[in-house]
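Data block below; observations after.
The values are calculated or read from the model by the stated rules, or taken from the named source; none is laboratory data. These figures come from a predicted structure and were not determined experimentally. Please note: Cβ atoms are built from the backbone with ideal geometry, for glycine as well, and neighbour counts cover all protein chains shown.
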Amino acid sequence: MLIFGAWLMSLAGVVFWEHRDTARPAAAIVVLGAAQYVGRPSPVLRARLDHAIDLWRRGLAPRIIFTGGFGDHDTTSEAAVGQRYAIARGVPPRAILIENRGRSTAASLQQVADLMDAEPSRDVILVSDPFHMLRLSILARRFGLRPFSSPTRTSMHWGIQVLLREAFGLPSYAFVNANKVPDDKYDFAAVVPAGANKAEFRAMLRNLLIQRFHLQYHRETRELPLYELRVAPGGPKLKPAANEPADTTAPSFTRTPDGYLTFPRGVNTNFLGNGPRFSLQRVHTTMDEFAAALDMWLGVPVVNLTGLTGQYDFYLRFDARGESPANDEHLDPPLEPSMRDQLGLVLRKIKGPQEVIVIDSFDREATPN
């Protein structure tokens, strides 16, 4: 595995993840563990430690909880490495707690919740990488914590095909000859330039792939399968957006008696499943945004032709199994009938022109730093 160190600004290729730093005064700052090498933090862990120490110096919490257990053949834990790193940078030992028994993110957060039992507040600031934040928040709420996210400004372990899709802001179906791109994973350590927007990040990432992997590509328009999103006969069954504030005190989800997930008021979700039973909740959502969510779920372009221009709140549930199980278990309607019955919307499959990225060449190994 190759580690890209500090790049020049023009090569600061890093996946841009839309997120908000919601850090606010809390009882503790919780740092999720990452790799350490013989007592020295990896670039990924060091970025988390520096970020947590900065939050502590700003007075956002009186203590830092470092998490992370022992890897195979390790003689020290990730949490202990974080503790030593923070003390060396002026954080007093009394302001530090460590949790080094968890062997998974869920187990670590469960131990943190136990440590917080003696605290008057369950408010915590979670520090990790941007793409971890949704899952961390869900887990933290499951264990009775009230999380606030503060992601680092560094991106790290990613497959090259994932980075390629992010570099162009396109899903996998929009690439031709993608098999020329290996899916090897690399550690990327790069500081996100302050003030850069999504388009600038993607341009930087394309520049990285061109200079380090000698990516060559061109654009074409081809006929591809796609779906049209339309209003069903009988009209839509959508409620206009209610503009209700999000319920930040409720659990991240609950399960209905028949096995579907439901979510707090005012919260947008992706398609989330409990086994084969999937749910989606959207608030203040346009039909273009719903079409984009369907696009990601189906892996096929979805074009909004509903003619609906408002914002809507809705909840959709469906069974993702394509056929009845062998044990004659009850099978709920799949996606398309559920959309028609619950939302008054239908999908129509056709073919249409779509712009694609044709990969002409791509080196299977990166040029060295």
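Values for this structure:
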| quantity | calculated |
| --- | --- |
| Residue in the range 160-179 that is surrounded by fewer than 17 Cβ atoms within 10 Å (Cβ to Cβ), touching a helix residue (DSSP H, G or I) at 6+ places or on another chain (Cβ under 8 Å), outside any helix (DSSP H, G or I) and modelled with pLDDT under 85 present | yes |
| Test: residue in the range 281-299 that is touching a Gly at 6+ places or on another chain (Cβ under 9 Å) and at pLDDT 90 or above | yes |
| Failed condition for Ile96, given (1) free of Cβ contacts under 8 Å to residues at least 40 places away in the same chain; (2) surrounded by fewer than 16 Cβ atoms within 10 Å (Cβ to Cβ); (3) among the hydrophobic types (A, V, I, L, M, F, W, C) | (2) |
| In the range 49-94, residue nearest to Thr22 (Cα to Cα) [restricted to those that are part of a helix (DSSP H, G or I) and acidic (Asp, Glu)] | Asp54 |
| Some residue of the range 274-281 being surrounded by fewer than 17 Cβ atoms within 10 Å (Cβ to Cβ), in contact (Cβ under 8 Å) with a residue 12 or more places away in the chain and either among the polar types (S, T, N, Q) or in contact with a helix residue (DSSP H, G or I) (Cβ under 7 Å, 6 or more places away or on another chain) (or both) | yes |
| Residue under evaluation Gln211, criteria (1) within 30 Å of Ser121 (Cα to Cα); (2) among the polar types (S, T, N, Q); (3) modelled with pLDDT of 85 or more, criterion not met | (1) |
| Residues (within 17 Å of Asp341 (Cα to Cα) and in a strand (DSSP E or B)) located in the range 217-236 | Leu229, Arg230, Val231 |
| Tabulated pairs, the range 325-354, first part of a helix (DSSP H, G or I), second modelled with pLDDT under 95 and among the acidic types (Asp, Glu), C-beta under 9 angstrom, 6+ apart or interchain | Leu335/Asp319; Ser338/Asp319; Ser338/Asp332 |
| Out of Leu49, Leu45, Leu2, Leu11, sole residue that is of a type outside the set (Lys, Arg) and either modelled with pLDDT of 95 or more or under 13 Å from Ser150 (Cα atoms) (or both) | Leu49 |
| Some residue of the range 95-105 being part of a loop (DSSP other than H, G, I, E, B), touching an Asp or Glu at 6+ places or on another chain (Cβ under 8 Å) and farther than 18 Å from Ala61 by Cα | yes |
| Close pairs from the range 188-216: first assigned to a strand (DSSP E or B), partner modelled with pLDDT of 75 or more, Cβ under 7 Å, at least 6 apart | Gln216/Asp360; Gln216/Ser361 |
| Counted residues, the range 230-263 - those being buried (at least 16 other Cβ atoms within 10 Å of the Cβ) and under 26 Å from the mean Cα position of the chain (by Cα) | 6 |
